[in-house]
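What follows is a short report on a single structure.
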Amino acid sequence: MKKNLLLIGAALTLSSCTLVPRQSATQVTLIGLNDFHGNLEPTTFAGVMVPDPKDPAKKVKLTTGGIEVIGGYLDQERARNPNLVFVGAGDVIGASPVTSSLLRDEPSTIALSKLGMRASSLGNHEFDQGLKELQRMQNGGCDSNDTSKACKFQNPYPGASFKWLGANVVDKATGQPVFPPYFIQEVGGARIAFVGAMTKTTPTIVSPDGVASLSFLDEADSVNKYVPELKAKRVDAIIMLIHEGGASKNGFDQPACGTLTGPIVDIVNRLDPAVNAVISGHTHQGYNCVVNGRTVIQGDFYGHLLQRLDLTIDTRAHKVTALQAANVVMDVSTTPKNAAMTALVARARSLTDAVKLTPIGTVAGGAIVRTQNAAGESPLGDVIADSQLAATADKGAQIAFMNPGGIRLDLNASGAGNTVTFGDAYAVQPFGNTLVVMDLTGAQIKALLEQQFDNPNSGASRMLQVSKGFSYSYDSTAAAGSRVDPASIKLNGAALDPARAYRVAMNSFISGGGDNFTVFKQGINVLQLPNVVDVDSFAAYLKANPNLAVGAQDRVTKTK
């Protein structure tokens, strides 16, 4: 009898063990990178000022970012929590410095792949070289539209091991996504879905020919479309990766801000409640906000900040029970470095430094800035427009226009004695656009100038930079279509004749209607100059004008 009681007691003990609920809480860390733009090496971050080592009484920008410290941070945090997923929010390549761009951004995709990036939303700059080249960047190989750069870092180029995602990017003919709409990552027993989208304004901010076969649909509607499918797959969390953003009055390090504005707010407000958080990009801002109860975060640009989300996930209930968000500064002085990334950067530099460090000219004061005055004109914009006019004068060009969005940085002389290198110039104009010359009438030029104010992206950032000899004034308070004074539009002091044709130069991006400057598409006698690249024209102008000093910014006048 005693033996039977022991057996019954053991059976009861085993039975009670099976009734104890299993542990269901999983801690997952998500690390996001947005707008990296192939910046393998560190840059300065205006968000943090520190004492100048040469003069502690002064403050300088903190040096941050670079693939070495990004890798080091990921190593450190994976050691603390192996349930870590590294993702992107678009523009991880494109508009890149020489070290990456001269190698067709292959070092950057290889680096991010080696660091374990699992997925990234598409960004507009991923399309800088067109759809076919982007597909090569994803899938690998050497069938590039620029064989002088492709497969020089690694042959054959292996492709990205992470997936670019685009739920709202579809083929016009079939209506089907061209890239996967989502990616599901299993980590620590949890299933996390990442759904990608990008700004629907993409056709207006990339070379139109490169995306002619694609449609860019509403971002929120496109993501919501896949939520039922993801629920059916029993995912535990849904994170939106989106290359669209906004701006906030709060600092990047202020949690749960409530001051976010911009396109991202409307998108988030229309998202299915099942989407737990939004990792964003595109606007190059640092913010950590809450919109309609949902975390929306962005990490500045160039890897200055990494977005961090720490999730507690109930895998039995398939839901997120806690979420903490923060932007983490990638301070090169305090963040460890990844040795493999140090070696990768060294190899990329060994293949590009000879070009990058070639001196091409000198500039007075050591820099020419792109900061615009109240009218929207900048010293650097004037110089670039002048360089394009000089490069096309033998083709009859009388006026040159430059889009400010194509001016990525100030021109900073990195060599001794205010010497500018090719790398300095390339950092300003990294797109490799070619130049175009066409005829526009005076009336069309007037309509073009009006488009600066009437397109969806209007504002100082869309004010065309103009070449010397051309001038005009405008009233920002006047009615749409009537802001530019026709009588003020002059070439070498003479008012433009509305009926007369003028020979005009610009880069290939805006010549096709980029940035919504569609008047350029009306030009006639169009001359494409495939061998005249914008940065080469810029470099030639700097070489031809030693100790270049800028004049007064008086080509554009704002009356009100």
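Couple of notes before you dig in:
- Any hit, the range 516-526, residues being hydrophobic (A, V, I, L, M, F, W, C), within 16 Å of residue 441 (Cα to Cα) and exposed (fewer than 13 other Cβ atoms within 10 Å of the Cβ): yes
- For the residues 462, 555, the requirement of being at pLDDT 95 or above and not acidic (Asp, Glu) singles out 555.
- Scanning the range 315-336 for residues that are small (Gly, Ala, Ser) and closer than 30 Å to residue 231 by Cα gives 317, 322, 325, 326.
- Search result, residues across the range 96-117 that are small (Gly, Ala, Ser), part of a loop (DSSP other than H, G, I, E, B) and surrounded by 24 or more Cβ atoms within 10 Å (Cβ to Cβ): 96
- Sub-8 Å Cβ pairs linking a first residue in the range 473-486 that is over 15 Å from residue 451 (Cβ atoms) to a second residue that is among the β-branched types (Val, Ile, Thr) and part of a loop (DSSP other than H, G, I, E, B), at least 6 apart or interchain, are 473/559; 475/559; 485/559, ordered by first then second residue.
Here's the yes/no breakdown for (1) of a type outside the set (D, E, K, R); (2) not in a loop (DSSP other than H, G, I, E, B):
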| site | (1), (2) |
| --- | --- |
| 468 | no, no |
| 479 | yes, no |
| 510 | yes, yes |
| 519 | yes, yes |
| 526 | yes, yes |
| 538 | yes, yes |
| 542 | yes, yes |
| 551 | yes, no |
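- Test: residue in the range 254-276 that is assigned by TED's automatic domain parsing to the domain that holds residue 201, under 27 Å from residue 427 (Cβ atoms) and hydrophobic (A, V, I, L, M, F, W, C): no
- Scan the range 103-146 for residues that are over 17 Å from the mean Cα position of the chain (by Cα), modelled with pLDDT under 95 and not acidic (Asp, Glu) and the total you get is 1.
- Residue 466, sole failed condition from (1) under 22 Å from residue 525 (Cα atoms); (2) surrounded by fewer than 17 Cβ atoms within 10 Å (Cβ to Cβ); (3) β-branched (Val, Ile, Thr): (2)
- Test: residue in the range 533-549 that is modelled with pLDDT of 95 or more and more than 17 Å from residue 390 (Cα to Cα): yes
- Residue satisfying condition, being more than 26 Å from residue 525 (Cβ to Cβ), of a type in the set (Ser, Thr, Tyr) and not assigned by TED's automatic domain parsing to the domain that holds residue 103, within set 414, 387: 414
Let's see how each residue does on (1) in contact (Cβ under 8 Å) with a residue 12 or more places away in the chain; (2) of a type in the set (Phe, Trp, Tyr); (3) in a strand (DSSP E or B); (4) surrounded by 21 or more Cβ atoms within 10 Å (Cβ to Cβ):
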residue	(1), (2), (3), (4)
334	no, no, no, no
350	no, no, no, no
361	yes, no, yes, yes
370	yes, no, no, no
374	yes, no, no, no
391	yes, no, no, yes
394	no, no, no, no
401	yes, yes, yes, yes
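The values are calculated or read from the model by the stated rules, or taken from the named source; none is laboratory data. Bear in mind the structure is a predicted one, so any value in this text is a computation, not a measurement. Note that each Cβ is placed from the backbone with ideal geometry, even for glycine, and that neighbours are counted across all protein chains shown.
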